[in-house]
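The values are calculated or read from the model by the stated rules, or taken from the named source; none is laboratory data. The structure displayed is predicted, hence computed values, not measured ones. As a convention, Cβ positions derive from the backbone with ideal geometry for all residues, glycine included, and neighbour counts pool all protein chains shown. Only protein heavy atoms, including side chains, enter the accessible area calculation; ligands, DNA and RNA are left aside. Shrake-Rupley method; radii C 1.70, N 1.55, O 1.52, S 1.80 Å.
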Amino acid sequence: MADGNPALDAERDAIVGALVPFVGGIAATFGPVCEVVLHDYRDPEKSVVAVAGALTGRSAGGAMSEIGLRMLARGDEASDELNYLTRTKGGQQLKSSTMVLRDSTGAVFGALCVNVDVTAVQQAQALLAGIGGAGAAETPTTTTFGNDIDSVVEAIVDAHQLRRGRTWVQLDRAQRLELFRGLDEHGVFAVRRAIEQVAARLGISRASAYSYLSQARAATGTPATSEPASDGGAA
């Protein structure tokens with residue numbers, strides 16, 4: 001990921017600037033069923049540099065989605081994800097592609113994302129499959145998109161708890177560590193104030209949240225980070 005090198009930052013700025021015109025051009029080519037979003041991962045809470053289309057309701061200056069956080073967590077090991085299916089909270093089914101942006105050193109610092117509303121296509125396919133007796137179609141994962149990074153983080157925490165079917169107090173230690181490991185893998189702790197948000201959502205202290213995160217990382221061999229500063233530094 002980006003390291004704050006002035007020369008590289010200038011290069012990354014140039015790459016992002018060169019791609020801005022493509023955002024509107026691609027969206028215009030496919031029409032109202034298409035949305036294109038350009039992200040700069042150097043500022044996760046305001047990663048959206050440009051957006052054309054209105055499928056997810058985001059605007060320039062908005063936060064990255066769950067998918068972006070996952071890319072951020074993978075760092076320079078992140079790779080393009082093409083033609084995957086997601087579902088918005090409003091029920092729209094999207095076929096999406098996320099193409100990472102790299103500088104001349106190979107470091108990942110952003111992404112160009114294309115979302116296409118395939119709701120009508122999926123409904124038609126389901127109808128034809130039912131008539132023809134075919135098996136059930138792939139069920140897309142509901143994904144949180146929003147301009148507010150807090151709502152994205154909270155949705156990821158809630159989804160992880162729902163998948164376990166238990167509240168925090170009902171989880172044993174191993175399950176709690178698994179929860180924090182899953183949140184970490186989804187890039188939740190790459191954003192500022194994440195420890196505080198997760199702790200509040202789970203109803204535990206900030207110190208407990210940091211302890212579980214440290215233990216989860218130690219169990220997987222992930223390098224531990226120093227405790228976030230009280231002013232909300234990244235965990």
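Key figures for this structure:
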{"read-out": "Residues (in contact with a Phe, Trp or Tyr (Cβ under 6 Å, 6 or more places away or on another chain) and either aromatic (F, W, Y) or surrounded by fewer than 20 Cβ atoms within 10 Å (Cβ to Cβ) (or both)) located in the range 104-124", "value": "F109"}
{"read-out": "From the options R58, R70, R42, residue that is modelled with pLDDT of 90 or more, outside any strand (DSSP E or B) and under 15 Å from the mean Cα position of the chain (by Cα)", "value": "R42"}
{"read-out": "Any chance G31 is in a loop (DSSP other than H, G, I, E, B), farther than 20 Å from D103 by Cα and at pLDDT below 95", "value": "no"}
{"read-out": "Residue list for the range 86-97, filter: under 14 Å from the mean Cα position of the chain (by Cα), farther than 20 Å from L183 by Cβ and not charged (D, E, K, R)", "value": "T88, S96, S97"}
{"read-out": "Residues located in the range 187-209, provided they are at pLDDT 85 or above and open to solvent by 40 Å² or more (accessible area, probe 1.4 Å)", "value": "E196, A200, R201, G203, S205, R206, A207, S208"}
{"read-out": "Condition check for V20: open to solvent by 20 Å² or more (accessible area, probe 1.4 Å), outside any loop (DSSP other than H, G, I, E, B) and under 26 Å from H186 (Cα atoms)", "value": "no"}
{"read-out": "Unmet criterion (only one of (1) within 14 Å of the chain's Cα centre (by Cα); (2) within 22 Å of I26 (Cβ to Cβ); (3) modelled with pLDDT under 75) for T142", "value": "(2)"}
{"read-out": "Unmet criterion (only one of (1) among the hydroxyl-bearing types (S, T, Y); (2) open to solvent by 30 Å² or more (accessible area, probe 1.4 Å); (3) part of a strand (DSSP E or B)) for T86", "value": "(2)"}
{"read-out": "Subset of the range 95-125 [more than 18 Å from I156 (Cβ to Cβ), free of Cβ contacts under 8 Å to residues at least 60 places away in the same chain, in a strand (DSSP E or B) and of a type outside the set (K, R)]", "value": "S97, M99, V100"}
{"read-out": "Checking D184 against (1) at pLDDT 75 or above; (2) among the charged types (D, E, K, R); (3) surrounded by fewer than 19 Cβ atoms within 10 Å (Cβ to Cβ), the condition it does not meet", "value": "(3)"}
{"read-out": "Pairs, first within 12 Å of S65 (Cβ to Cβ) in the range 78-91, second open to solvent by 60 Å² or more (accessible area, probe 1.4 Å), C-beta under 7 Å, six or more apart", "value": "T86/T141; K89/T142"}
{"read-out": "Boolean, Q215 is open to solvent by 50 Å² or more (accessible area, probe 1.4 Å) and modelled with pLDDT of 90 or more", "value": "yes"}
{"read-out": "Which listed residue is among the charged types (D, E, K, R), in contact with an Asp or Glu (Cβ under 9 Å, 6 or more places away or on another chain), open to solvent by 30 Å² or more (accessible area, probe 1.4 Å) and closer than 21 Å to V191 by Cβ, from R70, R58", "value": "R70"}
